[in-house]
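Participant: Starting off with a structure, shown below.
Bear in mind these aren't lab numbers, they're just calculated from the coordinates by the rules spelled out. Small disclaimer: the values here were computed from a predicted structure and weren't measured. Note that we place each Cβ from the backbone using ideal geometry, even for glycine, and neighbour counts take in every protein chain shown.
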Amino acid sequence: MPTPIELAQQLREAFGDVLGEPSEFRGEVTVVVSDPSRIADVCKVAKGALGFDMLLDLCSIDNYGSDPRWTLVYELYGVGHGVHLRLKTHVSEEASELPTVSGVWRTADWHEREAWDMMGIRFAGHPDLRRILMWDGYPYHPLRKDFPLAGKPTELPEVAFTRTAPLEGGPFVTVPTTAESTLREPRARTPEE
């Protein structure tokens, strides 16, 4: 049976400088795709030649205050060999678009729709890129770190709140910052912050 590092190296051999050196942390292997426009090509080879027949998850991370702004993480799994592999790529706010992988794995359809809805990341060639959680016509992307925690007022009566949405407070609310996690923790801040 191949190891995750061996499969990552085979993928890297197929794409050269487009892929970074595989890194391992706590038994999980990650490969960074330096050119986000090539992510679909990398995924096709990962599925077709290396047997990663499942896309377990596709998520986006907002690196607010940094460039590139977004990191997309693709969690792959091969049923035949039982190996997990993580692919990461970075997308700048100016571009904020990369090719869809819904032609490689059908499950990417909903994952990409969620990334569009919540973060505003577009996927070129997606068959049905529309909102999946927020209503049609909603003008914001609420999981961006610059979206106010208190919400935004809306002018759509009886569709949503006509006042600011009550999102403030709660045990999981953090502030948008590039500071380390201990400083973002709500209980670490004083009430004046």
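Participant: Please name whichever of L55, S92, G120 sits farthest to the positive end of the charge dipole of the range 44-143, dipole taken about the Cα centre and charges placed at Cβ: Lys and Arg +1, Asp and Glu -1.
Facilitator: Looking along the dipole axis, the top candidate is L55.
Participant: Further question on the same structure: Among W135, G78, H111, whose Cα projects farthest towards the positive end of the dipole of the range 29-144, with charges put on the beta-carbon of Lys, Arg (+1) and Asp, Glu (-1)?
Facilitator: Positive-most Cα among the choices belongs to G78.
Participant: Just to confirm my numbers, what's the Cα centroid distance between the range 6-25 and the range 83-114 in Å?
Facilitator: Centre-to-centre distance over Cα atoms comes out at 18 Å.
Participant: To continue, here is another question. For L56 and E93, FRET efficiency with R0 = 41 Å and r from the beta-carbon atoms, rounded to 0.05? Show your work: numbers first, answer last.
Facilitator: Details: r = 27 Å, r/R0 = 0.66.
Calculated value: 0.95.
Participant: Can you pull out the trypsin sites (Lys or Arg not before Pro) in the range 1-58 that DSSP calls coil and that have at most 16 other Cβ atoms within 10 Å?
Facilitator: R26
Participant: I would also like to ask the following. If you plug each phi of the range 59-68 into the Karplus form 6.51 cos²θ - 1.76 cosθ + 1.60 with θ = phi - 60°, what whole-Hz ³J(HN,Hα) values come out, in order, with x for Gly and Pro?
Facilitator: 10, 10, 10, 8, 9, 3, x, 10, 10, x
Participant: Using 0.36 nm per residue of separation minus the Cα-Cα distance, give me the extension gain between W110 and W135 in nm, one decimal. Mind showing how you got there, number by number?
Facilitator: Details: separation 25, 0.36 × 25 = 9.00 nm, distance 1.52 nm.
Here the answer is 7.5 nm.
Participant: Taking amide hydrogens as modeled 1.01 Å from N in the peptide plane, which residues meet the under 5 Å criterion relative to D57, leaving out close sequence neighbours?
Facilitator: The answer is E75.
Participant: Points 7 angstrom from Cα along the Cβ direction at S23 and V79: gap in nanometres?
Facilitator: With each label placed 7 Å out from Cα toward Cβ, I get 3.2 nm.
Participant: Let me ask something additional. Using θ = phi - 60° and the Karplus form 6.51 cos²θ - 1.76 cosθ + 1.60, what ³J(HN,Hα) does each residue of the range 17-27 get, whole Hz, x for Gly and Pro?
Facilitator: With the stated coefficients, the range 17-27 comes to 5, 5, 10, x, 5, x, 10, 10, 9, 6, x Hz.
Participant: Further question on the same structure: With +1 assigned to the C-beta of every Lys and Arg and -1 to the C-beta of every Asp and Glu, and no other charges, what is the dipole magnitude of the range 4-105 about the Cα centre in debye, to the nearest 20?
Facilitator: Numbers: 8 positive and 16 negative charges, 53 e Å.
Charge dipole of the range 4-105: 260 debye, to the nearest 20.
Participant: If you plug each phi of the range 31-43 into the Karplus form 6.51 cos²θ - 1.76 cosθ + 1.60 with θ = phi - 60°, what whole-Hz ³J(HN,Hα) values come out, in order, with x for Gly and Pro?
Facilitator: With the stated coefficients, the range 31-43 comes to 10, 9, 8, 6, 10, x, 5, 9, 4, 5, 5, 4, 5 Hz.
Participant: Neighbouring Cβ atoms within 10 Å as the yardstick, rank T178, T30, T89 fewest first. Don't jump to the answer; show the numbers that get you there.
Facilitator: Values: T178 11, T30 16, T89 23.
Ranked by crowding around the Cβ, least crowded first: T178, T30, T89.
Participant: Would you mind checking which residues have amide H under 5 Å from V83's amide H? H placed 1.01 Å from N; only 5 or more apart, or other chain.
Facilitator: The answer is G78.
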